[in-house]
1. Name the helices (runs of 4 or more DSSP H) wholly inside segment 32-92 in which the number of residues that are in contact with a helix residue (DSSP H, G or I) (Cβ under 6 Å, 6 or more places away or on another chain) is 3 or more.
2. Does residue 185 count as surrounded by 13 or more Cβ atoms within 10 Å (Cβ to Cβ), in contact with a Leu (Cβ under 9 Å, 6 or more places away or on another chain), more than 27 Å from residue 6 (Cβ to Cβ) and not aliphatic (A, V, I, L, M)?
3. Look at segment 190-209 and say how many of its residues are exposed (fewer than 12 other Cβ atoms within 10 Å of the Cβ) and not in a loop (DSSP other than H, G, I, E, B).
4. If only one of 103, 23 is outside any loop (DSSP other than H, G, I, E, B), among the small types (Gly, Ala, Ser), near the ligand (Cβ under 9 Å from one of its atoms) and within 28 Å of residue 148 (Cβ to Cβ), which one is it?
5. Please determine, by comparing only the residues of segment 163-201 that are charged (D, E, K, R) and more than 18 Å from the chain's Cα centre (by Cα), which one is nearest to residue 28 (Cα to Cα).
6. Can we say residue 10 is of a type in the set (A, V, I, L, M, F, W, C), in contact with a strand residue (DSSP E or B) (Cβ under 7 Å, 6 or more places away or on another chain), at pLDDT 95 or above and within 11 Å of the ligand (Cβ to nearest atom)?
7. Mind checking which residues of segment 113-166 are basic (Lys, Arg) and either open to solvent by 50 Å² or more (accessible area, probe 1.4 Å) or at positive phi (or both)?
Amino acid sequence: MRQDDGRFIVFEGIDGAGTTTQSARFARYLRSERRVVHTTREPSDGPVGHLLRLALGGRVDLGPAHTMALLFAADRVDHVNQEIRPHLRDGSVVICDRYDLSSITYQTATAPPEERDSFESWVRDINRYAVRPDATVILHVDPEEAEKRRANRQGAPELFEETQLQKDLAALYRDAERLRPGDTFVHIDGNQTADEVEQAIREALAPIL
Ligand code: TYD
């Protein structure tokens, strides 16, 4: 149990699912309702997060999935201590674009095939002390639709934006209850229009907030 007055809401999904758009829209809506909101993201804007963003952009090669898994977990410890916990203690609604479910899905899906099963529990273990969200919103978007959305973005594709991997990730996200037992998940059909998705998120989160 957390000892704070805040609310911690996480947005998750495959690349192009709309976590950045929808987390920003939800924050704007809550502010219009006079709630105190803090928005953040992972990889974080701290030093380890910065290194991870260089790797995602292909500017630093961190080698096998093990290194990335450890760095994502280290970034999370730093992010929770420096940013998330203090804002929760202040009573804010903290909205985070990706969190440890991204580590369990992405790092497991990119592990060497013969290590996949043990990797999943290892990644869960190294994230054992990550403060639990009040709800994790998962935006489920067909991998083909997400690929089209990514093609319309500026900039080069990032490290994990590959078709078969994204299909594996979509399947893992459907299995969230098994990957993170005990957490509260809100499953949203992200193939709808942005306005419809936003409305569905507001309705689903109302009882939690
Ligand atoms: P980002 O540019 O934030 O992607 P998006 O805006 O599409 O969410 O990059 C985040 C990438 O990092 C994304 O491909 C998922 C990956 N990731 C992990 O592999 N493990 C993690 O623990 C986290 C937080 C992100």
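The values are calculated or read from the model by the stated rules, or taken from the named source; none is laboratory data. Predicted, not measured: the structure shown is a model, and the values here were computed from it. Note that we place each Cβ from the backbone using ideal geometry, even for glycine, and neighbour counts take in every protein chain shown. With ligands, DNA and RNA removed, areas are computed over all heavy atoms of the protein, side chains included. Shrake-Rupley method; radii C 1.70, N 1.55, O 1.52, S 1.80 Å.
1. Working: elements: 47-56, 65-79, 85-89.
Qualifying helices (runs of 4 or more DSSP H): 47-56, 65-79.
2. Details: surrounded by 13 or more Cβ atoms within 10 Å (Cβ to Cβ): yes; in contact with a Leu (Cβ under 9 Å, 6 or more places away or on another chain): yes; more than 27 Å from residue 6 (Cβ to Cβ): no; not aliphatic (A, V, I, L, M): yes.
Against the criterion (surrounded by 13 or more Cβ atoms within 10 Å (Cβ to Cβ), in contact with a Leu (Cβ under 9 Å, 6 or more places away or on another chain), more than 27 Å from residue 6 (Cβ to Cβ) and not aliphatic (A, V, I, L, M)), residue 185 does not qualify.
3. Here is the first cut: in segment 190-209, the ones exposed (fewer than 12 other Cβ atoms within 10 Å of the Cβ) are 193, 195, 203, 206-207.
When the remaining residues are screened for being not in a loop (DSSP other than H, G, I, E, B), the result is 195, 203.
Total satisfying the criteria: 2.
4. Numbers: 23 fails: near the ligand (Cβ under 9 Å from one of its atoms).
Result of the check over 103, 23: 103.
5. We begin by selecting, within segment 163-201, every residue charged (D, E, K, R); these are 167-168, 174-175, 177-178, 180, 183, 189, 195-196, 198.
This time we only want the ones that are more than 18 Å from the chain's Cα centre (by Cα), so: 195-196.
Details: 195: 13, 196: 16 Å.
Result: 195.
6. Working: of a type in the set (A, V, I, L, M, F, W, C): yes; in contact with a strand residue (DSSP E or B) (Cβ under 7 Å, 6 or more places away or on another chain): yes; at pLDDT 95 or above: yes; within 11 Å of the ligand (Cβ to nearest atom): yes.
So residue 10 passes the test.
7. First pass over segment 113-166, keeping only residues basic (Lys, Arg): 116, 124, 128, 132, 148-150, 153.
Matches in segment 113-166: 116, 124, 128, 132, 148, 149, 153.
Yes or no, residue by residue, for (1) open to solvent by 10 Å² or more (accessible area, probe 1.4 Å); (2) among the aromatic types (Phe, Trp, Tyr); (3) within 9 Å of the ligand (Cβ to nearest atom); (4) in contact (Cβ under 8 Å) with a residue 12 or more places away in the chain:
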residue	(1), (2), (3), (4)
38	yes, no, no, yes
49	no, no, yes, yes
57	yes, no, yes, yes
67	yes, no, no, no
79	no, no, no, yes
95	no, no, no, yes
